[in-house]
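Below: the structure, in structure tokens.
The values are calculated or read from the model by the stated rules, or taken from the named source; none is laboratory data. Remember, predicted model here, so these are calculated numbers, not experimental data. All Cβ positions, even for glycine, are placed from backbone atoms using ideal geometry, and neighbour counts span all protein chains on display. Accessible surface is based on the protein model in full, side chains and every heavy atom, while ligands, DNA and RNA are left aside. Shrake-Rupley method; radii C 1.70, N 1.55, O 1.52, S 1.80 Å.
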Amino acid sequence: MLITLSICVTASFVAGFIDSIAGGGGLITLPAMLLAGLPPHMALGTGKFAATLGTLVALLNYARNHLVNWHIAPFGVLCALIGSWSGSQLALHLDSAVLGKVLVFLLPVGMLVTFMPKEKPQIRPLVCSGVRFWLVMPLVSFGVAFYDGFFGPGAGSFFIIAFHWILYLGLVEASATAKLFNLASNVGAFIAFCVNGQVLYAVALPMACASIAGNWLGSRMAIRTGAGAVRKFLIVSLCLLMATLLYRTLG
């Protein structure tokens, strides 16, 4: 149990640090918990508890520095809550053995996500009007959150990509705003897993403390260093994912 806890807590700190900057923290925590022996449903629920508290800390850090774009929140956050709860319900209805295979299959999806963000010219249309706001963003929010509730890794990067490419937010602002949507999707998923008894609090509480520390440090770094940090840590996420995949495949 001590080895399992050590692995999960260390992974949670590193994941929180990376997730607060560029998303993709689940690329670290989920494989770590699976490798440590947690059942797939329990790993998802336990990870959501830790991620929820850590994401809240990162969001507060970004909000204090006025980097969160609140205009896109009203519809998107509600869609994220519904989407993540729905995705979690689907995961809960899958057999544990089947879910484990699905999670391993989906890990490369998170890997591909880390390649996608590229800096665009800072064209800044109004984000609170037009088809992109009223139709595209609610659909994107629901879809990414559904994926987050069902699986998780890479969802934060998906949100960053969406805000950067669809609404033309800068990378740091996109990362900051993504935390609001990540928080909503984490809450929705956590509720679903909690109600079904799929949260191992003996592991989740220490992981949450580590996640809080990692998210606080990571968000502070992103605020200080800007878009360069976001791009660099997306690459770090990819390398860590590849290492876990190789270990799981060859081990």
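Please list, short to long, the whole-number percent of alpha-carbon pairs of segment 2-41 in consecutive 10 angstrom bins beginning at zero. Cα pair-distance distribution for segment 2-41, in percent: 36, 50, 15. For Ile166, the solvent-accessible surface computed with a 1.4 Å probe is close to 40 Å², ligands and nucleic acids excluded.
What's the FRET efficiency of Leu60 with Asp95 using the Cβ-Cβ distance as r and R₀ = 41 Å, to the nearest 0.05? Display every interim value, and only then the final one.
Numbers: r = 39 Å, r/R0 = 0.94.
Computed FRET efficiency for Leu60 and Asp95 comes out at 0.60.
Taken along its principal axes, the alpha carbon cloud of segment 135-205 reaches lengths of 41, 24, 16 Å, longest axis first.
Using the Cβ-Cβ distance between Arg220 and Ile3 with R0 set to 30 Å, the FRET efficiency from 1/(1 + (r/R0)^6) comes to roughly 0.45.
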